[in-house]
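Peer 1: Here's a structure for you.
The values are calculated or read from the model by the stated rules, or taken from the named source; none is laboratory data. Just so we're clear, the structure is a prediction, and the values are computed from it rather than from any experiment. Every residue, glycine among them, receives a Cβ derived from its backbone with ideal geometry; neighbour counts consider all protein chains shown. Surface areas here come from the heavy atoms of the whole protein model, side chains and all, with no ligands, DNA or RNA. Shrake-Rupley method; radii C 1.70, N 1.55, O 1.52, S 1.80 Å.
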Amino acid sequence: MCSIYEEVIAPYWTKPALLAGSYISLSAQSVDSDQPLSTSHRSSSVNGTREPDGVTFIIIQGLSSLSERQMIPFVILLLGYIIILGGNSMIIFVTLTDPKLHSPMYFFLCHLSLVDMLFTTSTIPKMLAGFLSDVSTISVPGCFLQMFFFTQLTFTGHAILAVMAYDRYVAICHPLHYISIMTWQVQLLLIAGAWGFGIFTMLPYFIYALLRPYCGPNVVKHAWCDPSSIRQLVCADTSLDNIVGLVTATLSLLIPGVLILTSYVLIGISVLRMGVAQRLKAFRTCAAHLTVVSISFTSASFVYISYRVGSFSPEVRIIVAVLYTALTPFLNPVVYSLRNKELQESIRRTLVRFRFSVISVT
């Protein structure tokens, strides 16, 4: 590491163009010798590519250690992303076009599908592009925007799950007053609150992160710009950064989690007073939502644990984070389609109409 610094970086510290040429020559040598450029080489050579005012771009390390095997996760991730977009787009389309699905539950489900699509789009396309290039770079503003939207959409998704839990509580515990309680104005207020929760929970940390000094290094040891990885690039004491990040993450999980738990405790108390047939109906009503909540919060907990346990390698953390990013948006359409007969019938009717329209055109 020291020899590379003395021979490559130090002579060109103020000459980014020559340094970039040195980096390319290092890459060429590694290819000629059939040995992939190591992370340490990449970090040490590129970290000098900066101007006196600070970092000018960010290197996303990703799963560079896989070298020639990167096409395997590329294909898997690409297929998963296509399925995520297709499945969630189908749910949005049928809920907007089928009058039988114009109810509060499907209105909230439509927004959850939209969040899942935006959530994956904020990270997966850049990851796919990184698999196809030797070095994946992103501008500093682009990196911070990616961090903001990824985290904000995560918080918004949790808030929408809390709103859907409240909707299930009203439907089961107050069925006779459901229509009068869940009016169109209330639906808009609840969904606006969910989006606002995601934005305003993330905004203080985002502004604080923007004001921190970043003078180098500029290698993010992750598959995208997430808060913990950006925090490691700060050229100052990060004790307060860690506290602010911990408080933000705790609030984003604790507030929706408590609301969801409270809703289901009240639902459970109400179900105990029902007959067997009514209990089964209530269970079918909540089954899909409970499944999605369990998957979402469990996977989020695994990601949090992987960051806090020091024995996990960066590659393991990246794989866990990628699974979290793709798993929940991938499973949401599957779970709701399998558990909900109304949605199944609507999708079937939509496909039949599409087939007849294609036949009539041909």
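Peer 1: Considering segment 121-134 alone, what residues qualify as being of a type in the set (A, V, I, L, M) and surrounded by fewer than 17 Cβ atoms within 10 Å (Cβ to Cβ)?
Peer 2: Once the filter is applied, which keeps residues that are of a type in the set (A, V, I, L, M) and surrounded by fewer than 17 Cβ atoms within 10 Å (Cβ to Cβ), segment 121-134 yields 128, 129, 132.
Peer 1: Count, please, the residues in segment 338-350 that happen to be assigned to a helix (DSSP H, G or I), within 18 Å of residue 113 (Cα to Cα), in contact (Cβ under 8 Å) with a residue 24 or more places away in the chain and not aliphatic (A, V, I, L, M).
Peer 2: 4
Peer 1: Same structure again: How about segment 99-115: which of its residues are open to solvent by less than 10 Å² (accessible area, probe 1.4 Å) and not polar (S, T, N, Q)?
Peer 2: Listed by number, the residues that qualify are 101, 106, 108, 109, 112, 115.
Peer 1: Same structure, new question: Scan (1) surrounded by fewer than 15 Cβ atoms within 10 Å (Cβ to Cβ); (2) farther than 24 Å from residue 335 by Cα; (3) among the charged types (D, E, K, R) for the single condition residue 281 breaks and write down its number.
Peer 2: (2)
Peer 1: Might you let me know whether segment 203-218 holds any residue that is modelled with pLDDT under 90, among the aromatic types (Phe, Trp, Tyr) and out of contact with any Cys (no Cβ under 8 Å at 6 or more places or on another chain)?
Peer 2: Within segment 203-218, not a single residue is modelled with pLDDT under 90, among the aromatic types (Phe, Trp, Tyr) and out of contact with any Cys (no Cβ under 8 Å at 6 or more places or on another chain).
Peer 1: Right, next: Which pairs do you get when a residue that is among the small types (Gly, Ala, Ser), found in segment 81-93, comes within reach of a residue that is in a helix (DSSP H, G or I), reach meaning Cβ atoms under 6 angstrom, with the pair 6+ apart or on two chains?
Peer 2: Taking only residues 6 or more apart or on different chains, the pairs are 87/333.
Peer 1: Here's another thing I want to ask about it. Tell me which of these residue 241 doesn't satisfy, since it passes every other one: (1) charged (D, E, K, R); (2) surrounded by fewer than 16 Cβ atoms within 10 Å (Cβ to Cβ); (3) under 26 Å from residue 319 (Cα atoms).
Peer 2: It is condition (2) that residue 241 fails.
Peer 1: Can you name the condition, by its number, that residue 260 falls short on among (1) modelled with pLDDT of 90 or more; (2) under 18 Å from residue 155 (Cα atoms); (3) open to solvent by 60 Å² or more (accessible area, probe 1.4 Å)?
Peer 2: Of the numbered conditions (1) modelled with pLDDT of 90 or more; (2) under 18 Å from residue 155 (Cα atoms); (3) open to solvent by 60 Å² or more (accessible area, probe 1.4 Å), the odd one out for residue 260 is (3).
Peer 1: Within segment 221-239, is even one residue in a helix (DSSP H, G or I) and of a type in the set (A, V, I, L, M, F, W, C)?
Peer 2: Yes, because at least one residue in segment 221-239 is in a helix (DSSP H, G or I) and of a type in the set (A, V, I, L, M, F, W, C).
Peer 1: Next question. Filter segment 139-183 down to residues that are touching a helix residue (DSSP H, G or I) at 6+ places or on another chain (Cβ under 7 Å) and outside any helix (DSSP H, G or I) and give me whichever is surrounded by the fewest Cβ atoms within 10 Å (Cβ to Cβ).
Peer 2: Per the stated criteria, the residue is 174.
Peer 1: So for segment 351-361 (the condition being touching a residue at least 40 places away in the same chain (Cβ under 8 Å) and surrounded by 12 or more Cβ atoms within 10 Å (Cβ to Cβ)), does at least one residue qualify?
Peer 2: So far as segment 351-361 goes, no, none of its residues is touching a residue at least 40 places away in the same chain (Cβ under 8 Å) and surrounded by 12 or more Cβ atoms within 10 Å (Cβ to Cβ).
Peer 1: Is it the case, given these coordinates, that residue 138 is out of contact with any strand residue (DSSP E or B) (no Cβ under 8 Å at 6 or more places or on another chain) and either of a type outside the set (Gly, Ala, Ser) or touching a residue at least 40 places away in the same chain (Cβ under 8 Å) (or both)?
Peer 2: When the stated conditions are applied, residue 138 does not pass them.
Peer 1: Taking the options 59, 91, 83, name whichever one is on the phi < 0 side of the Ramachandran plot, of a type in the set (Val, Ile, Thr), in a helix (DSSP H, G or I) and open to solvent by less than 40 Å² (accessible area, probe 1.4 Å).
Peer 2: Among 59, 91, 83, only 91 is on the phi < 0 side of the Ramachandran plot, of a type in the set (Val, Ile, Thr), in a helix (DSSP H, G or I) and open to solvent by less than 40 Å² (accessible area, probe 1.4 Å).
Peer 1: While we're here: Would you check if there is a residue in segment 273-292 being of a type in the set (S, T, N, Q) and either in contact with a Ser or Thr (Cβ under 7 Å, 6 or more places away or on another chain) or not in a helix (DSSP H, G or I) (or both)?
Peer 2: Checked against the condition, which is being of a type in the set (S, T, N, Q) and either in contact with a Ser or Thr (Cβ under 7 Å, 6 or more places away or on another chain) or not in a helix (DSSP H, G or I) (or both), segment 273-292 yields no hits at all.
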